[in-house]
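Working notes, beginning with the structure itself.
Values quoted throughout were computed directly from the atomic coordinates according to the rules given, and no laboratory measurement underlies them. Predicted model, so just to flag it, every value in this text is computed and none were measured. In this analysis, Cβ positions are derived from the backbone assuming ideal geometry, glycine residues included, and neighbour counts consider all displayed protein chains.
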Amino acid sequence: MKKYFIMLVLVLALGGGGYFAWTEYFAGTSAGIVLPGLLSRDDKPFYIEIERLTAPFIRDQRFVQYILLDVSLEVVEERDADKVRQLTPRLRDAFLRELHRLATIRPASQKLINVARVKARLLAGADRVLGPRVVRDVLVQLAH
């Protein structure tokens with residue numbers, strides 16, 4: 001009887017995980033996220049490079065390290081690409097503010113850069129400056 005119960009729980013857990021993966025990753029968009037490869041053939045994204053971002057990480061009034069980022073922004077529509085180019089100075093400012101915020105919440109013991117967290121914060125900053133869903137993705141090409 002225990003074997004059947006354990007197998008039932010295992011099947012339900014795998015089924016729930018499979019459903020989650022399907023709805024979040026394979027079935028299109030979720031929470032504004034568009035996965036690569038799911039664009040129609042007419043949607044050719046534009047990539048706008050942002051000048052290298054550098055920000056100091058300071059702990060207890062002491063310099064710890066610099067973070068260097070090479071970032072490109074992915075947008076779908078040409079008019080959005082033009083908007084991004086026009087507002088690049090404001091975007092850089094928002095990105096640097098986000099990097100400084102990250103420096104304050106980052107644990108002192110953490111030595112590596114959490115690229116996923118950095119991307120999420122930069123995307124949030126881009127959404128505040130440009131409006132939601134103008135920038136589809138933030139591509140971090142170098143994080144050092």
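Some observations on this one:
- When the Cα convex hull of the stretch 46-143 is projected onto planes of every orientation, the mean area is 5.8 nm².
- Per-residue Cβ neighbour rank within 10 angstrom, fewest leading, Thr88, Thr104: Thr104, Thr88
- Taking 0.36 nm per residue of separation and subtracting the current Cα-Cα distance, fully stretching the chain between Ala124 and Lys2 would add 39.1 nm.
- C-alpha center-to-center spacing [the stretch 124-138, the stretch 72-88] in angstrom: 10
- For Tyr47 and His100, the difference between the fully extended length at 0.36 nm per residue and the C-alpha to C-alpha distance is 16.6 nm.
- Here the label points at Asp93 and Gln141, each 7 Å from Cα along the C-beta direction, are separated by 2.5 nm in the simple model.
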